[in-house]
Amino acid sequence: MPFLRKDTRLAPRNYLGYGIYFITICTSDRVPRFADISLGHLALGHLISLAARHSFLLHAFCLMPDHLHFLAEGNSPESNLLRFVTAFKQRTSLAHKNRAHAPLWQAKFYDHILRVPEQSESVACYIWANPVRRGLCQDAVSYPLSGSQTLAWKRLCANSSQWRPPWKEFLPGSPRKERG
């Protein structure tokens with residue numbers, strides 16, 4: 001009997017309208033496809049154009065060699081995150097398929113819906129600091145595949161906070177938040 005993986009995605013209605021979403025999309029088998037900066041710029045061009053087409057603002061984005069983080073906010077009642085992410089993965093996969101005959105992205109993606117809009121800047125700083133944490137650069141502003149459409153991100157990086165994605169709280173060896 002085949003193993004069926006439980007779908008952890010929320011109901012589609014949770015991805016409509018004015019929500020704020022932290023998204024992580026990983027490359028297939030975590031292969032560092034975007035170590036080539038020119039491919040990274042191509043993918044980010046698609047991300048930015050499709051965000052506008054699907055009525056999303058990109059508060060933060062960072063394309064790492066093997067994954068993409070972005071923080072997007074719907075700016076219309078018709079904004080649909082699932083359609084936006086699907087369109088992005090399809091468009092970039094098609095462009096990639098013309099260069100290499102291997103899948104670009106994993107089938108699914110990780111999402112976290114921000115319930116407190118004030119967290120946006122902390123989440124954005126977490127995203128931008130990713131290349132520094134991975135040792136790809138000394139400071140976030142020098143990484144060429146990061147940016148924002150809405151925030152003065154180079155100023156915010158200097159004042160970054162200690163936000164962590166909720167799923168990282170449960171990894172072995174992770175510092176636990178105090179419950180109180």
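Bear in mind that the values in this text are calculations on the coordinates, not laboratory data. These numbers were taken from a predicted model, which means no experiment stands behind them. In this analysis, Cβ positions are derived from the backbone assuming ideal geometry, glycine residues included, and neighbour counts consider all displayed protein chains.
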Asp36-Asp139 pseudo-label distance in nm [points 7 Å out on the Cα-to-Cβ vector]: 3.2 nm
Skipping prolines and chain starts, which residues have an amide H placed within reach, meaning under 5 Å, of the one on Gln106, given they are 5 or more residues away or on another chain? Cys26, Thr27, Ser28
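Among Ile113, Ile48, which comes first, then next, by fewest other beta-carbon atoms within 10 Å?
Details: Ile113 12, Ile48 15.
Fewest-to-most ranking of Ile113, Ile48: Ile113, Ile48.
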In sequence order, what are the phi-derived ³J(HN,Hα) couplings for the stretch 129-139 according to the Karplus relation 6.51 cos²θ - 1.76 cosθ + 1.60 with θ = phi - 60°, rounded to whole Hz, with x for glycine and proline? 7, 3, x, 5, 4, 8, x, 7, 7, 7, 9
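With r as the distance between the Cβ atoms of Ala102 and Leu82 and R0 = 25 Å, compute the FRET efficiency 1/(1 + (r/R0)^6) and round to 0.05.
Values: r = 25 Å, r/R0 = 0.98.
Efficiency, from the Cβ-Cβ distance: 0.50.
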Taking H placed 1.01 Å from N in the peptide plane, check which residues at least 5 places from Gly19 or on another chain put their amide H under 5 Å from its amide H. Gly74
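Based on the Cα atoms of the stretch 15-170, what semi-axes does the equivalent ellipsoid have, where each is the square root of 5 times one gyration tensor eigenvalue, given in whole Å with the largest first? Before the final figure, lay out each step's value.
Details: eigenvalues 98, 78, 40 Å².
Rounded to whole Å, the semi-axes are 22, 20, 14.
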